[in-house]
Amino acid sequence: MESLQFVLASRPIGLPVKGNFRMEKVVLNEPGDNEVLLKSWYISVDPYMRGRMNSAKSYAASYEVDQPIKGGIIAKVIESKSNSVSAGDIVTGTLPWATYCIENAENLRKVDVQKVSPGYYLGILGMPGMTAYIGMMKICRPLKGDTVVVSGAAGAVGIVAGQIAKLQGTRVIGIAGSNEKCRLLKEQFGYDEAINYKTTKSLRKDLALLCPGGVDAYFDNVGGEITEAVAANLDFHARIALCGQISQYNNTKPYIGYSILPHLLTRSVLLQGFIVSNYSEHFGEAISYLSQWLNDGKLKYTETIVEGFDKLPEAFLGLFTGLNQGKMLIKIE
Ligand SMILES: NC(=O)c1ccc[n+]([C@@H]2O[C@H](COP(=O)([O-])OP(=O)(O)OC[C@H]3O[C@@H](n4cnc5c(N)ncnc54)[C@H](OP(=O)(O)O)[C@@H]3O)[C@@H](O)[C@H]2O)c1
């Protein structure tokens with residue numbers, strides 16, 4: 001049978017462009033022993049994939065030129081030669097950006113989509129949700145009465161991280177890239193304040209006004225000038241969860257900013273970088289709390305769903321221009 005797939009056509013220099021991706025037709029063999037034929041349903045695009053487009057060695061292996069891009073996918077099992085999954089099951093795994101693929105069943109996990117929307121397993125109940133929980137609860141460790149700042153606040157990780165902080169009895173300030181996102185953060189997601197970093201005259205001064213007692217915990221999704229502005233407002237013994245640096249992912253030269261280290265030194269700040277896959281011992285706890293909070297209506301969530309397999313590259317590129325509110329997903333019928 002025929003499938004469509006996206007391969008890495010060339011490595012990007014700076015901000016990726018559509019030409020770095022190529023859609024092609026492939027013919028699939030019949031599934032062999034313990035293999036299944038899958039039809040992609042929801043495909044996740046995530047900022048870390050930008051790093052995988054480079055050749056430089058990192059924690060996630062580079063994509064190879066002319067080979068399929070891979071990422072988190074929810075798929076329907078069409079045909080199975082495995083005892084562990086059956087036709088009709090819904091599964092998730094790290095799979096090629098393809099309309100159909102053959103995969104070994106050992107690399108798949110069945111998911112229950114009766115009570116939860118399928119995309120949640122790529123978002124709040126998947127890698128971004130684990131990241132929000134672990135970064136906030138194990139690294140920021142918010143205490144009642146603390147002031148917590150979250151950058152990239154309206155994205156997949158940020159929207160959950162801020163709400164988790166609120167559930168701990170803190171005051172939460174979000175930083176995001178549009179007035180609409182700031183409005184949503186306050187009106188729907190319980191943030192106390194939100195600042196549009198694209199229009200403010202001085203993020204540093206805005207934060208000083210909103211956080212007169214200083215910032216006790218900072219969940220950093222973006223880095224760069226935004227983090228410099230937060231660092232200048234940190235309180236003594238503040239904690240920073242260094243989760244992401246999306247403002248730097250397309251740099252062609254090393255970023256030389258204002259050094260935040262003197263602030264960290266003089267205010268005895270604890271900064272912890274983390275890669276969520278290294279914290280798998282907390283996944284069970286994270287899923288249990290996130291599911292409970294969702295069931296109780298204490299945690300709200302949103303997705304930006306782009307329809308159509310051919311839209312994958314532009315949805316991915318949209319992460320770098322702020323096209324998404326909550327988790328960015330591609331849906332294929
Ligand atoms: N450490 C880990 O294990 C781990 C796991 C998952 C994700 N992450 C990191 O966490 C961050 C958020 O990931 P996510 O999946 O939740 O993505 P996301 O926030 O859903 O999407 C990316 C968002 O980043 C913002 N952005 C893009 N370019 C920016 C810039 N130059 N300056 C400031 N903001 C910018 C945009 O929102 P605006 O409209 O607000 O600009 C965009 O919507 C990323 O840095 C990602 O790499 C880390």
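The values are calculated or read from the model by the stated rules, or taken from the named source; none is laboratory data. Computed from a prediction, not measured in an experiment: that's the story for all the values here. Because the Cβ atoms are built from the backbone with ideal geometry, glycine has one as well, and the counts that use them run over all protein chains shown.
The condition (being at pLDDT 95 or above, part of a helix (DSSP H, G or I) and surrounded by fewer than 18 Cβ atoms within 10 Å (Cβ to Cβ)) is satisfied by just one residue among 32, 88, 51, 14: 51. Among the conditions (1) over 14 Å from the mean Cα position of the chain (by Cα); (2) part of a helix (DSSP H, G or I); (3) of a type outside the set (D, E, K, R), the only one that residue 316 does not satisfy is (1). Listed by first and then second residue, the pairs with beta-carbon distance under 7 Å, at least 6 apart or on different chains, first residue in the stretch 247-268 and under 20 Å from residue 54 (Cβ atoms) and within 16 Å of the ligand (Cβ to nearest atom), second part of a loop (DSSP other than H, G, I, E, B) and aromatic (Phe, Trp, Tyr), are 248/255; 250/320. The residues listed here are 155, 93, 123; of these, the one that is surrounded by fewer than 22 Cβ atoms within 10 Å (Cβ to Cβ), closer than 23 Å to residue 63 by Cβ and under 23 Å from the mean Cα position of the chain (by Cα) is 93.
Tell me whether the stretch 295-310 contains one or more residues that are modelled with pLDDT of 95 or more, assigned to a helix (DSSP H, G or I) and over 17 Å from residue 123 (Cα atoms). Yes; the residues of the stretch 295-310 include at least one that is modelled with pLDDT of 95 or more, assigned to a helix (DSSP H, G or I) and over 17 Å from residue 123 (Cα atoms). When 179, 221 are checked against the criterion of being surrounded by fewer than 22 Cβ atoms within 10 Å (Cβ to Cβ) and either farther than 27 Å from residue 323 by Cα or not hydrophobic (A, V, I, L, M, F, W, C) (or both), a single residue qualifies: 179.
For the stretch 231-246, a residue qualifies if it is part of a loop (DSSP other than H, G, I, E, B) and away from the ligand (no atom under 15 Å from the Cβ), and the qualifying residues are 232, 233. Scanning the stretch 165-182 for residues being assigned to a helix (DSSP H, G or I) and either farther than 22 Å from residue 297 by Cβ or within 11 Å of the ligand (Cβ to nearest atom) (or both) gives a total of 4.
So that you can scan it fast, the table gives a plain yes or no per residue for (1) of a type in the set (Asp, Glu); (2) assigned to a helix (DSSP H, G or I); (3) in contact with a Cys (Cβ under 9 Å, 6 or more places away or on another chain):
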{"position": "135", "(1), (2), (3)": "no, yes, yes"}
{"position": "138", "(1), (2), (3)": "no, yes, no"}
{"position": "142", "(1), (2), (3)": "no, no, no"}
{"position": "163", "(1), (2), (3)": "no, yes, no"}
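Against the test of being exposed (fewer than 14 other Cβ atoms within 10 Å of the Cβ), of a type outside the set (D, E, K, R), out of contact with any Gly (no Cβ under 6 Å at 6 or more places or on another chain) and over 18 Å from residue 181 (Cα atoms), the options 275, 332, 287 yield a single qualifying residue, 275.
Among the criteria (1) within 16 Å of the ligand (Cβ to nearest atom); (2) in a helix (DSSP H, G or I); (3) without any contact (Cβ under 8 Å) to a residue 12 or more places away in the chain, the one residue 200 does not fulfil is (2).
Evaluating residue 328 against the criteria (1) assigned to a loop (DSSP other than H, G, I, E, B); (2) in contact with a Ser or Thr (Cβ under 9 Å, 6 or more places away or on another chain) leaves one unmet condition, (1).
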